[in-house]
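Student: Before I ask anything, let me first share the structure, which is written out below as structure tokens.
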Amino acid sequence: MRSIAEALSSMLPAFEPLGAERVHLVEASGRYIAREVRAGFDSPPFDNSAMDGYAVRSSDVESAGPGRAVELPVRGESRAGVPPPGPLEPGAACRIFTGAPMPPGADTVVIQEDTQRVGDRVQILEASRSAKHVRAQGSDVSRGAVLLHPGDRVGPGEIGLLASQNIDHVEVYRRPEVALLSTGDELRALGEALGPGAIVNSNVYALTEMLRALGVIPVPLPAAPDSLPEIEAALRKALESDVVITMGGVSVGAYDFVHEAFVNVGIEPGFWKVRIKPGKPLAFAQFGGKPVIGVPGNPISAMVTFEILVAPCLRKMLGDPRPHPQPVLARLRDSYRRRPGRVEIARAVATREGNEIVVALHDRQGSGSLPSFVGVNALVLLPSDKAELAAGERVEAILWGAGLTSERSPFDVLA
């Protein structure tokens, strides 16, 4: 039986990125950059004003101050979206608005609040040093500068930056298709009538959403009954995708045929069983280098092993160079007794209390208890060698789902 670290070490090499594709910028959100992106021009593309006011030569207004106004004639105006005005003559001012190009000859802007307009002249009430309130050409981004590196994730800020450079297409890593194959005579699709002994195949819906949240393309397949030939046929269909995840049939029951079907189809076994609770009977195999993962059929086991073992691998395949979640330190609200021997991933609700994060473990930690995954925002990592954890003891937790939220605004306590 492998540790979680050993299992990840065996799995990750099989999840290399699949190559690049060119997509429109509006379709790039959540994707990972595959090729370096550089700026095509300076930003700002010209010297422009950061404020409404008057563009002047700093030397013409250096004597201005309380009781010493400098009066200048106003020569035209500059506003955003129109060609810049002609050169500004010495001893004159140009009305200017935010974002408008600086007239040649002007090197500073006196904000409107420090002026007094008198007909076609303006009184400058405060001096303004050179370059004050001026956004210099190329001060934000210079032509040829690297905007995004391979492995950078595209989000709203990245889209805004690329759009400002008029970059409408980018090369990103391809999103893998991940087939989801459930096995079990008892499984029914959502909305089907449930006869005696039948249950809804909730796993396929939960894992489909977890895949979609990661950014991969889920390919949910119809559940295969507990029949070796039908599982083999379903596996061959699933292997048309880039990654295969089977759910159920990896334990040791009389009708758990997945291991045998793997062999018959030509899937090469890697390992079976991981020292994790819940989710011990996880299997990993490959078909010609294509990853095949068998997660347990118990709903919580399936979701936990997906989050801890499968999700980092898929993030790597998406092109993420930092695919592993980083836990935070938290304190247990209540004591907890457990059987040692495996790392336990406990579902919990995390809240901030003062300067600390406090986690309250769900009172149901069984591998089949779906309510224990409702409303939780943390997965608490309980070490394998501890049977008892005291209230207030420090533990590591992976913030999950919405993370830390509150009914109160953080600005309620800020002046």
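No value in this document is a laboratory result; all are computed from the given coordinates. These numbers were taken from a predicted model, which means no experiment stands behind them. Glycine also receives a Cβ, built like all others from the backbone with ideal geometry; neighbour counts cover every protein chain displayed.
Student: Pick from V134, V146, V109, V118: which is of a type in the set (V, I, T) and closer than 30 Å to G30 by Cα? Outline the logic, then answer.
Tutor: Values: V134 fails: closer than 30 Å to G30 by Cα; V109 fails: closer than 30 Å to G30 by Cα; V118 fails: closer than 30 Å to G30 by Cα.
From the options V134, V146, V109, V118, the qualifying one is V146.
Student: Next question, about the same structure. Which of (1) more than 23 Å from E6 (Cα to Cα); (2) part of a strand (DSSP E or B); (3) not hydroxyl-bearing (S, T, Y) is the odd one out, the single condition G368 does not satisfy?
Tutor: For G368, the exception is condition (2).
Student: Can you list residue pairs whose Cβ atoms sit under 6 Å apart, with the first residue in region 172-189 being over 24 Å from V23 (Cβ atoms) and the second being among the hydrophobic types (A, V, I, L, M, F, W, C) and in a strand (DSSP E or B)? Count only pairs 6 or more apart in sequence or on different chains.
Tutor: L180/I245; S182/M247; T183/A224; E186/I199; R188/V200
Student: Please name all residue pairs, on different chains or six or more residues apart, with Cβ atoms under 7 Å, provided the first residue is in region 341-353 and is closer than 20 Å to G392 by Cβ and the second residue is assigned to a loop (DSSP other than H, G, I, E, B) and of a type in the set (A, V, I, L, M, F, W, C).
Tutor: R347/V376; A348/V376; V349/V376; A350/L404; R352/L404
Student: Is there a residue in region 230-252 that is of a type in the set (G, A, S), in a helix (DSSP H, G or I) and within 26 Å of I4 (Cβ to Cβ)? Quick ask: steps written out before the conclusion?
Tutor: As a first pass, look at region 230-252 and keep what is of a type in the set (G, A, S): 233-234, 238, 241, 248-249, 251.
Retained after the next criterion (residues that are in a helix (DSSP H, G or I)): 233-234, 238.
Restricting the remaining residues to those that are within 26 Å of I4 (Cβ to Cβ) gives 238.
Within region 230-252, one or more residues are of a type in the set (G, A, S), in a helix (DSSP H, G or I) and within 26 Å of I4 (Cβ to Cβ).
Student: Now a separate question. Within region 389-407, count every residue that is aliphatic (A, V, I, L, M) and under 16 Å from Q326 (Cβ atoms). Working first, answer last.
Tutor: Filtering region 389-407 down to residues aliphatic (A, V, I, L, M) leaves 389-391, 395, 397-399, 402, 404.
Adding the requirement that they be under 16 Å from Q326 (Cβ atoms) leaves 395, 397-399, 404.
Matching residues across region 389-407 total 5.
Student: Any residue at all in region 2-15 that is of a type in the set (V, I, T) and touching a helix residue (DSSP H, G or I) at 6+ places or on another chain (Cβ under 7 Å)? Can you show your working first?
Tutor: So the first thing to find is which residues in region 2-15 are of a type in the set (V, I, T), and the list is 4.
The next check asks that each one be touching a helix residue (DSSP H, G or I) at 6+ places or on another chain (Cβ under 7 Å); those that pass are 4.
Yes; the residues of region 2-15 include at least one that is of a type in the set (V, I, T) and touching a helix residue (DSSP H, G or I) at 6+ places or on another chain (Cβ under 7 Å).
Student: Restricting attention to region 362-415, which residues are exposed (fewer than 13 other Cβ atoms within 10 Å of the Cβ), among the acidic types (D, E) and in contact with a strand residue (DSSP E or B) (Cβ under 6 Å, 6 or more places away or on another chain)?
Tutor: Across region 362-415, the qualifying residue is only E388.
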